1. With within 30 Å of residue 46 (Cα to Cα), outside the structural domain of residue 53 (by TED's automatic domain parsing), at pLDDT below 95 and in a helix (DSSP H, G or I) as the only criterion, which of 394, 379 stands out?
2. Scan (1) within 20 Å of the chain's Cα centre (by Cα); (2) farther than 30 Å from residue 195 by Cβ for the single condition residue 358 breaks and write down its number.
3. Out of (1) surrounded by fewer than 20 Cβ atoms within 10 Å (Cβ to Cβ); (2) closer than 19 Å to residue 63 by Cβ, the odd one out for residue 221 is which?
4. Mind checking which residues of region 382-391 are part of a helix (DSSP H, G or I) and within 13 Å of residue 251 (Cα to Cα)?
5. Could you list, in sequence order, the residues of region 78-91 that are buried (at least 18 other Cβ atoms within 10 Å of the Cβ) and farther than 15 Å from residue 10 by Cα?
6. Looking at 326, 377, can you tell me which residue is without any contact (Cβ under 8 Å) to a residue 60 or more places away in the chain, surrounded by 17 or more Cβ atoms within 10 Å (Cβ to Cβ) and more than 23 Å from residue 61 (Cβ to Cβ)?
7. Failed condition for residue 186, given (1) modelled with pLDDT of 75 or more; (2) surrounded by 11 or more Cβ atoms within 10 Å (Cβ to Cβ); (3) more than 28 Å from the chain's Cα centre (by Cα), with all others met?
8. I'd like the full set of residues that are out of contact with any Phe, Trp or Tyr (no Cβ under 9 Å at 6 or more places or on another chain) and in a helix (DSSP H, G or I), limited to region 93-104.
Amino acid sequence: MKRIFHGWRMVAAGSAMQFFQSCLLLQAFGVYVAVLRDDRGWSKTELAGAAALHQVEAAVLGPALGWVIDRFGAQGVIRAGVVVFGAGFMLLSQIDSLLGFYGAFLVLALGASLCGFFPLNVALIHWFERKRARALSSMQLGFGLGGIAVPAVAWSITAYGWRATAFASGVIILATGIPLSLVFRRRPEDFGEVVDGASPPPPSKEAAAAPAPGEGRDFTAREALRTPAFWLLSLGHGFALFVVSAVNVHAITHMKEGLGYSLEAASLVITLQTVAQLGGIALGWAIGDRFDKRRISAVCMLMHMAGLLSLTYADVGAATGAMLVAYALLHGSAWGLRGPLMQAMRADYFGRSAIGMILGLSFMIVVLGQIGGGMIAGILADATGNYRAGFTLIALLAGIGSVFFLLAKRPVRPGA
């Protein structure tokens, strides 16, 4: 029987870890916000500040975390992160003050950063090259499936309370995350395997006659910073997250207050968006390694723009339901297809040697979109009484982001 390439075992473990992070924290945070607002009387701004802290902490930590991963590998970081992440949930279950909530959430955020999206992606990048987009898309399925499981967390909070649910979440993280984290290893060469699990195909005569586009050594982080591609990819990624963060924070409120939908009906639209996201991930698995990733990403930005505009102007005319379906399908599938390609493109362009530091530095730019999208939409909604101005501006930013991806051509490798 043919042995399963260990890289695919890491993909499965990473997908499971993304599932638990998504359903227990990242996509369930809004449930905790609603309950803690009623239980403790804290304002929306005070509670939302924890989410902003998470993004700022991730951006500040990024370069240092990238250096550690490049030097020592991601496996130790992931294992430590699981322990901190589980402990953060247990601390959350015991808090009695806003300061305690912020302290527990900082521990949660630190753990999520150490065993989450960033180190998991870097770990897989070292094991895949020709099948890199397929591997990263496969792992991202866990995140999408976690969104579908969020109602189970909401039911648990309703039935057993937020404290018991938070403590149980910590136990689940430790019980499942520690064994999963042991699957991760640093490099395939250290264990008698090769990247992608098979030797690369022999070059054709035509390929042998012309230099390959990736010929040369990997970029250092300093060299990557000097390329236009680094900045263009970071800006494109950040402009995409203007849309993602604005929708995550404000879409349900817009449908409820601006379109007159019930919470249940608005939640159904978000569920459809999540299903479309899974479809986009599956499409990325099929085409991400076969077509130009930057052109795919540029098309996805236009889909983000069209989807958000459909949500914004769904109250114009009699086709509100159809426009909300268009929003869910366009935005969700664009998010699922584009997301894994962001890391795959950086690895394709700059190589694996310093990819941790390169990703960490780029996240300091990308985080502006993660924080800015929700803030822009919220500030303009408070000023104008609705989300139309804010959502329209953010949609136009997504359109501009498509140009960044089109201009982000692969740089010539050092020494080529």
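1. Details: 394 fails: at pLDDT below 95.
One residue alone meets the criteria, 379.
2. The number of the failed condition is (2).
3. The single condition residue 221 does not satisfy is (1).
4. Within region 382-391, the subset part of a helix (DSSP H, G or I) is 382-384, 388-391.
Of everything in region 382-391, those that are part of a helix (DSSP H, G or I) and within 13 Å of residue 251 (Cα to Cα) turn out to be 388, 390, 391.
5. Result: 81, 82, 84, 85, 86, 87, 88, 89, 90, 91.
6. On the way: 377 fails: without any contact (Cβ under 8 Å) to a residue 60 or more places away in the chain.
After applying the criteria, what remains is 326.
7. Going through the list (1) modelled with pLDDT of 75 or more; (2) surrounded by 11 or more Cβ atoms within 10 Å (Cβ to Cβ); (3) more than 28 Å from the chain's Cα centre (by Cα), residue 186 breaks only (3).
8. First, the residues of region 93-104 that are out of contact with any Phe, Trp or Tyr (no Cβ under 9 Å at 6 or more places or on another chain): 96-97, 99-100, 102-103.
Residues satisfying the conditions are 99, 100, 102, 103.
The values are calculated or read from the model by the stated rules, or taken from the named source; none is laboratory data. Owing to the predicted nature of the structure, the values given are computational and were not obtained by experimental measurement. No Cβ is skipped: glycine too gets one built from the backbone with ideal geometry, and neighbour counts run over all protein chains shown.
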